[in-house]
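The values are calculated or read from the model by the stated rules, or taken from the named source; none is laboratory data. This one's a predicted model, so the numbers in the text were calculated from it and none came from an experiment. In case anyone asks, the SASA skips ligands and DNA or RNA and just uses the protein heavy atoms, side chains included. Shrake-Rupley method; radii C 1.70, N 1.55, O 1.52, S 1.80 Å.
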Amino acid sequence: MTKDDSEENLLTPAQVAKILGIPVSTLSRWRSERRELPYVKIGRVVRYRPCDLAEWLETKIVHPRP
């Protein structure tokens, strides 16, 4: 396991919501619908890997037309 994958580097839903500027309830809805942002479930605890967040954000970039 790499350092980025260690549990201490995992982000909470509140941290991700703050980074994205969205409500925690939106992340909860996405999880229940199994869409958008990948997440890790450890027992009943939900966490997000920073690498998954970065990768997901890359797919959301909109490039201007030339």
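From the protein chains alone at 1.4 Å, what is the descending order of accessible area for 61, 22, largest first? Display every interim value, and only then the final one.
Values: 61 85, 22 45 Å².
The most accessible residue leads, giving 61, 22.
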If a/c stays under 1.5 just call it rounded; otherwise compare a/b with b/c (prolate if a/b is bigger, oblate if not). Do that for the chain, with a ≥ b ≥ c from the square roots of the Cα gyration tensor eigenvalues. oblate
Convert each backbone phi in segment 41-48 into a coupling constant with the Karplus relation 6.51 cos²θ - 1.76 cosθ + 1.60 (shift: θ = phi - 60°), then list the ³J(HN,Hα) values in order as whole Hz, x for Gly and Pro. 10, 10, x, 9, 8, 9, 9, 10
